[in-house]
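Novice: Take a look at the following structure, please.
The values are calculated or read from the model by the stated rules, or taken from the named source; none is laboratory data. What you are looking at is a predicted structure, and each value in this text was computed from that prediction instead of being measured. Please note: Cβ atoms are built from the backbone with ideal geometry, for glycine as well, and neighbour counts cover all protein chains shown. Remember, those area values only see protein heavy atoms, side chains included, never the ligands or the DNA or RNA. Shrake-Rupley method; radii C 1.70, N 1.55, O 1.52, S 1.80 Å.
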Amino acid sequence: MKALEISLEGVTLQQINVFLSVAQCGGFAKAGEDLHMTQPAVSKSIAKLEKGLGITLFWRNTRNVTLTEAGRLLCEEWSRQIEEINDSYLRAHSLQKSENITLRVGLLNTARPERYFWDIEDCFRKLYPDIQLILASEYMTELEKKLAEKKYDIILIPDFEHFALENEGMKWKWVAQANAQAYMSKDHPLAKKESLTTEDLLQEEFVTMDHGLNGSHHLDLVERFSPWNVKPNVVLSYRNAYDVKYLFRNGSKSILLVDAYFDYPDTTGVIQIPITDQKNGIICGWNPNNRKPPLQKFLAVIDAVQKQKKGEAQ
């Protein structure tokens, strides 16, 4: 037996609304008044709906119209569904409005925002006072996780995390750059130098801030040492910057390579030396599928602030 083929392709929400209004008002004329339609237009809409459905919805006589059993079933079901459609529309409209006036920004809780972010924030708030910036600070892994979950519109993290962003299909660009910094114990043989070059570091031991060896920080070191055909000697990996504070307690000979925006939790017994031939810093990452206007405005402000700083430096 061939299955019955049913299609609602020709049925519109407008026709359903007219049908529900006629059922509620008990007549075509009253429904026309409520809908600001003529009685013939209401009658024509119901006739087209019945033809499209292949169902008689009303019994008609000279005095009034009444629902058929099939019409009553559809009236009960569609009334509830139309309410749900209207409710979902209102919630979606409210969500879009909220998305157009807010921007969720994730900052690294082990970086110093006054060195790279406050100028951007001030400029953005001045240009777009109606857009609310929602700021929060967390560890790198949480920032990247929540960016993927769309809980942040944009995150600001160390540049070596571009490997992780690219693996997740995210886009990124620079926010701030400066000479890379080497953190080491004050007892380290290199600690007396005022500055370093990469060649000074090729044979040294390093620690990284990764979830195990061969993470983004490790890959960054490999990339920096590759022009010298040297593989970095990474002896230990820490989960985050606050765990690294235990590194230099006992005069460790290892070095931590970070950026100038890093907020080391305890500088007691630790020295920071610039690496003159290496640059690093802070990047921002975002989902390329995020088309929110506030995000595009924020990215443009980052470019403008960078351009201004480059002009001041020249």
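Novice: Could you pull out the residue among V222, V207, V230, V234 that is in a helix (DSSP H, G or I) and over 24 Å from E114 (Cβ atoms)?
Specialist: Every option except V222 fails the conditions.
Novice: So, one more: Looking only at the stretch 100-159, filter to residues that are over 19 Å from L295 (Cβ atoms) and exposed (fewer than 14 other Cβ atoms within 10 Å of the Cβ); which one of those is nearest to the chain's Cα centre (by Cα)?
Specialist: This residue is W118.
Novice: Criterion first (more than 29 Å from Q14 (Cα to Cα), touching a residue at least 24 places away in the same chain (Cβ under 8 Å), part of a helix (DSSP H, G or I) and more than 18 Å from the chain's Cα centre (by Cα)) does C75 satisfy it?
Specialist: Considered against the rule, which asks whether it is more than 29 Å from Q14 (Cα to Cα), touching a residue at least 24 places away in the same chain (Cβ under 8 Å), part of a helix (DSSP H, G or I) and more than 18 Å from the chain's Cα centre (by Cα), C75 comes out as no.
Novice: Testing A92 on (1) free of Cβ contacts under 8 Å to residues at least 12 places away in the same chain; (2) open to solvent by 70 Å² or more (accessible area, probe 1.4 Å), one condition comes back false. Which one is that?
Specialist: Unmet condition: (2).
Novice: Among the residues of the stretch 8-50, what is the count of those that are of a type outside the set (A, V, I, L, M, F, W, C) and within 22 Å of E76 (Cβ to Cβ)?
Specialist: Of the residues in that region, 13 qualify.
Novice: Based on what the data block shows, is S185 of a type in the set (G, A, S), within 23 Å of E161 (Cβ to Cβ) and in contact (Cβ under 8 Å) with a residue 40 or more places away in the chain?
Specialist: For S185, the condition - of a type in the set (G, A, S), within 23 Å of E161 (Cβ to Cβ) and in contact (Cβ under 8 Å) with a residue 40 or more places away in the chain - is not met.
Novice: Only one of (1) open to solvent by 40 Å² or more (accessible area, probe 1.4 Å); (2) assigned to a helix (DSSP H, G or I) is not met by S45, so which one is it?
Specialist: Failed condition: (1).
Novice: In addition: Let me spell it out: the conditions are (1) modelled with pLDDT under 90; (2) polar (S, T, N, Q); (3) over 30 Å from K146 (Cα atoms), and S88 meets all of them except one. Which number is the exception?
Specialist: (3)
Novice: Going by the structure shown, is W228 open to solvent by 10 Å² or more (accessible area, probe 1.4 Å) and touching a Cys at 6+ places or on another chain (Cβ under 8 Å)?
Specialist: So W228 does not fit the description; no.
Novice: Could you check, for the stretch 55-68, whether at least one of its residues is in a helix (DSSP H, G or I) and out of contact with any Cys (no Cβ under 8 Å at 6 or more places or on another chain)?
Specialist: So far as the stretch 55-68 goes, no, none of its residues is in a helix (DSSP H, G or I) and out of contact with any Cys (no Cβ under 8 Å at 6 or more places or on another chain).
Novice: Continuing with the same structure: Can you tell me which residue is nearest to the chain's Cα centre (by Cα) among those in the stretch 268-288 that are open to solvent by less than 30 Å² (accessible area, probe 1.4 Å) and of a type in the set (S, T, N, Q)?
Specialist: In this case the residue turns out to be N287.
Novice: Residue pairs, Cβ under 7 Å, 6 or more apart or interchain, first in the stretch 33-54 and under 19 Å from T68 (Cβ atoms), second open to solvent by 50 Å² or more (accessible area, probe 1.4 Å) and not in a helix (DSSP H, G or I). List them.
Specialist: Every condition considered, the pairs that remain are E50/T56; G52/G10.
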